[in-house]
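Some notes on the structure that comes next.
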Amino acid sequence: MIIHMTCRECEHNGDLDHYARDVVKSGGRIVYRELDAARERGLLSVEFDSEAQASDFWDRFKQTDSYPFCS
């Protein structure tokens with residue numbers, strides 16, 4: 001299962017790196033990332049082995065500073 005997350009306030013790779021670290025710390029496996037600095041947006045494609053793993057990820061990711069910026 002793959003979800004695609006759009007992240008706001010990405011002026012440079014450092015911002016997207018921060019969001020990506022929180023995704024990984026929360027149990028996600030990033031399989032694709034893209035930065036559109038002009039639009040200040042990033043895209044992270046995150047893979048999970050199961051629905052349960054994805055659910056656990058969201059529970060943990062909601063506790064991070066990145067959560068308000070990624071949907």
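The values are calculated or read from the model by the stated rules, or taken from the named source; none is laboratory data. Since this is a predicted model, take the numbers as computed values, not measurements. Counting neighbours? That spans all protein chains shown, and the Cβs are built from the backbone with ideal geometry, glycine included. All accessible areas refer to the heavy atoms of the entire protein, side chains included, with ligands and DNA or RNA removed. Shrake-Rupley method; radii C 1.70, N 1.55, O 1.52, S 1.80 Å.
Per residue, the solvent-accessible area of the chain (1.4 Å probe, heavy atoms of protein chains only, all protein chains present) comes to 60 Å². Using only Cα atoms and rounding to the nearest 10 degrees, what angle (0 to 90) does helix 51-61 make with the longest principal axis of the chain? Tilt of helix 51-61: around 50 degrees. Its relative contact order, with pairs defined as Cα atoms under 8 Å and 6+ residues apart, puts the stretch 1-67 at 40 percent.
Among residues other than Asp17 with Cβ under 14 Å from its Cβ, the summed charge is -3 (Lys and Arg +1, Asp and Glu -1). In the elastic network of the chain, a GNM with C-alpha springs shorter than 10 Å, the most mobile of Val31, Val23, Val46 is Val31.
On full extension, the segment bounded by Val24 and Gln63 gains 12.7 nm, given 0.36 nm per residue less the C-alpha separation. Calculated mean residue ellipticity, 222 nm, the chain: -10500 deg cm²/dmol, from DSSP H runs (n ≥ 4) at -39500 (n - 2.57) each, averaged per residue and rounded to 500.
Taking amide H as placed 1.01 Å from N in the peptide plane, the amide H of Arg41 sits under 5 Å from that of Cys10, Asp36, each at least 5 places away or on another chain. Net charge dipole, the chain: roughly 20 debye, given to the nearest 20, about the Cα centre with Cβ charges of +1 for Lys and Arg and -1 for Asp and Glu. Net charge of the neighbourhood of Lys62, taken over other residues with C-beta under 12 Å away and scored Lys/Arg +1, Asp/Glu -1, is -3. 3J(HN,Hα) couplings calculated from phi for the stretch 64-69 with the Karplus curve 6.51 cos²θ - 1.76 cosθ + 1.60 (θ = phi - 60°) are, in sequence order, 8, 5, 6, 3, x, 9 Hz; Gly and Pro show x. Sparse packing (at most 14 other Cβ atoms within 10 Å of the Cβ) combined with a DSSP loop state is found for the following trypsin sites (Lys or Arg not before Pro) in the stretch 2-71: Arg39, Lys62. Against the chain, whose longest principal axis is taken from its Cα atoms, helix 13-25 shows a tilt of about 10°.
Once the Cα-Cα distance is subtracted from the 0.36 nm per residue extended length, the Met1 to Asn13 segment shows a gain of 1.8 nm.
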